[in-house]
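The values are calculated or read from the model by the stated rules, or taken from the named source; none is laboratory data. Not measured: the values here are computed from a predicted model. Please note: Cβ atoms are built from the backbone with ideal geometry, for glycine as well, and neighbour counts cover all protein chains shown.
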Amino acid sequence: MTDASLPANPAAPETRKSVSLVAPDARTQKRKAAEARFRMYGIAGIATGIFFLVVLLSTIVASGTGAFQQTFINVSVYLDPAKLDKKGNRDPEDIKKVSTFGYTPLIQQALFDVVETNNLETPLAKRGDMKALISASAAAQLRDVVLENPGLIGETVDFRILASSRVDGYLKDRVKREDVVRDKNIDAEHLDLIDLLVPLGIVEKTFNMDFVTGADASESRPEAAGIGVAMAGSFFMMLVVLVLSLPIGVAASIYLEEFAPKNRWTDLIEVNIANLAAVPSIVFGILGLAVFIQFMHLPQSAPLVGGLVLTLMTLPTIIISTRASLKAVPPSIRDAALGVGASKMQAVFHHVLPLAAPGILTGTIIGLAQALGETAPLLLIGMVGFIASNAPDGIASGLLDPNSAMPAQIYEWAKRADPAFYERAWGGIIILLVFLITMNTIAVILRRRFERRW
């Protein structure tokens, strides 16, 4: 060993700080602690989000499931010819002259007969006292049946009629006994009678299919309100949005991304498209009111106008998502197609577009889902509740006849005074969420189905 291998200063090894390759130093420990804290923050954020999601969904389900059940009264109604067909000739024109006021006493008498037949003890001693238990729509329901079958006049027919909203709320614990003291529509004696009729099967709470298939009702008949016609309005609106926004949005995206020269004009167009995606939806409603209704004189409250407004609102979202999908295709795909002799259009439509199709479909469906839940632009063009009493009977009727949409219908129910409408608003939210979840599920399935690897 030579002298060069010895330390210059023999005391140096004693004063030098030793560093271990196994035990972490203070700085490394500090970084690891920061990473652990960041991981905990992320887990806490996810847990908080899941917690609020569970609270939201449980609140919606708990508040809205009651809308899918309704209270009905089973009675046998004697269709008195002396009141329904005074001439006795069974002429439909004469029978039509009898309004719902002529059918209401028959229903009240039928329910009063049930009370007397079963010897139920109640201070309600008159036929008219039964009015608070029966829905205002029951007479119209009975009248429609008689008009369709005039031969039933003179017979006793079994009917299942709607109970009033107060009776329905009582059986759903929405109406309390202490609340009816200040209620002019029902008394505690009526609730006592309901308690006697439920064990007999006269009054029962069953699944309400009319809520899913029916139309909106006036504020005096919340128990008869349904969202089915509004669902049809949303369907025709989405049909218009799909037919217009998909080809226009994809064509604009292909031109801007693949063919348009990069200059100030295209930069201006891109900036405006990005800005339009952030414009509040109510602005598009004002635009639709001014252009499509006041200027072009298209029918107000029609799903066609609603679809046009939502198309304008959805186009920026589809264009941005489509351009992102086109950019995600590697340039080598384009170069390879051009290298074997394909034209620019062939390279785009035969190679680039099929590879970008999953992203395009996903963006389109997400745009449609966003449009499905919009309310403000539809209210400005008049698509409010209780404007369509029957479902459309064809495509032309569905596009041009006045109608509402699911989000607008939910908004109308939420602002009405009767708690029964508030319950139906929650039920409508459940149906709307089912549609949105279905559309997003379809987007995921299509993306995985058409996704290609390169």
Do the conditions hold for Val271, that is, is it in a helix (DSSP H, G or I), among the hydrophobic types (A, V, I, L, M, F, W, C) and surrounded by 15 or more Cβ atoms within 10 Å (Cβ to Cβ)?
no
If we keep just the residues of the range 322-371 that are among the charged types (D, E, K, R) and farther than 13 Å from Val250 by Cβ, which is farthest from the chain's Cα centre (by Cα)?
Asp335
When you go through Leu84, Leu53 one by one, which is the residue that is in contact with a Phe, Trp or Tyr (Cβ under 8 Å, 6 or more places away or on another chain) and more than 28 Å from Leu171 (Cα to Cα)?
Leu84
Count, please, the residues in the range 277-290 that happen to be closer than 25 Å to Ile320 by Cα and in a helix (DSSP H, G or I).
8
Within the range 100-117, does at least one residue satisfy the condition of being not charged (D, E, K, R) and not in a helix (DSSP H, G or I)?
no
Cβ-Cβ distance below 8 Å, separation of 6 or more or different chains: which pairs start in the range 109-125 with a residue that is under 19 Å from Ile186 (Cβ atoms) and end on one that is among the charged types (D, E, K, R) and surrounded by 10 or more Cβ atoms within 10 Å (Cβ to Cβ)?
Phe112/Arg127; Phe112/Asp129; Thr122/Glu189; Thr122/Asp192; Pro123/Glu189; Leu124/Glu189
Which one of these is assigned by TED's automatic domain parsing to the domain that holds Glu148, surrounded by fewer than 20 Cβ atoms within 10 Å (Cβ to Cβ) and at pLDDT 90 or above: Tyr103, Tyr78?
Tyr78
Can you find a residue that is in a loop (DSSP other than H, G, I, E, B), more than 29 Å from Gln300 (Cβ to Cβ) and in contact with a helix residue (DSSP H, G or I) (Cβ under 9 Å, 6 or more places away or on another chain) anywhere in the range 428-441?
no
Just a yes or no: is a residue in the range 440-448 of a type in the set (Lys, Arg) and in contact with an Asp or Glu (Cβ under 9 Å, 6 or more places away or on another chain)?
no
Looking for whichever is more than 28 Å from Leu355 (Cα to Cα) and part of a helix (DSSP H, G or I) here; the options are Val212, Val175. Which one fits?
Val212
Can Arg264 be described as within 30 Å of Phe72 (Cβ to Cβ) and among the basic types (Lys, Arg)?
no
Filter result (without any contact (Cβ under 8 Å) to a residue 24 or more places away in the chain and of a type in the set (Gly, Ala, Ser)) within the range 250-275:
Ala251, Ala260
Can you work out which of the residues in the range 178-202 that are aliphatic (A, V, I, L, M) and not in a loop (DSSP other than H, G, I, E, B) is nearest to Tyr78 (Cα to Cα)?
Leu197
Surrounded by fewer than 19 Cβ atoms within 10 Å (Cβ to Cβ), hydrophobic (A, V, I, L, M, F, W, C) and free of Cβ contacts under 8 Å to residues at least 24 places away in the same chain: is that true of Val145 in this structure?
yes
From Lys172, Lys176, Lys262, which residue is assigned by TED's automatic domain parsing to the domain that holds Ala356 and not aliphatic (A, V, I, L, M)?
Lys262
Subset of the range 222-244 [out of contact with any strand residue (DSSP E or B) (no Cβ under 8 Å at 6 or more places or on another chain) and of a type outside the set (A, V, I, L, M, F, W, C)]
Pro222, Gly226, Gly228, Gly233, Ser234
Test for Arg182: is it surrounded by 15 or more Cβ atoms within 10 Å (Cβ to Cβ) and not assigned by TED's automatic domain parsing to the domain that holds Ala420:
no
Taking only pairs six or more apart or across chains, which ones have beta-carbon atoms under 6 Å, a first residue in the range 406-421 that is not assigned by TED's automatic domain parsing to the domain that holds Asn185, and a second residue that is of a type in the set (D, E, K, R) and not in a helix (DSSP H, G or I)?
Arg416/Glu219; Pro419/Arg174
For the range 200-230: of the residues being over 23 Å from Asp158 (Cα atoms) and of a type in the set (Asp, Glu), which is nearest to the chain's Cα centre (by Cα)?
Asp216
Which condition breaks for Leu312 when tested against (1) in contact with a Phe, Trp or Tyr (Cβ under 8 Å, 6 or more places away or on another chain); (2) modelled with pLDDT under 90; (3) within 18 Å of Phe292 (Cβ to Cβ); (4) of a type in the set (A, V, I, L, M, F, W, C)?
(2)
Answer yes or no as to whether Gly394 is in contact with a helix residue (DSSP H, G or I) (Cβ under 7 Å, 6 or more places away or on another chain) and not aliphatic (A, V, I, L, M).
no
Out of the residues in the range 140-170 that are out of contact with any Lys or Arg (no Cβ under 9 Å at 6 or more places or on another chain), acidic (Asp, Glu) and part of a helix (DSSP H, G or I), which is farthest from Val180 (Cα to Cα)?
Glu148
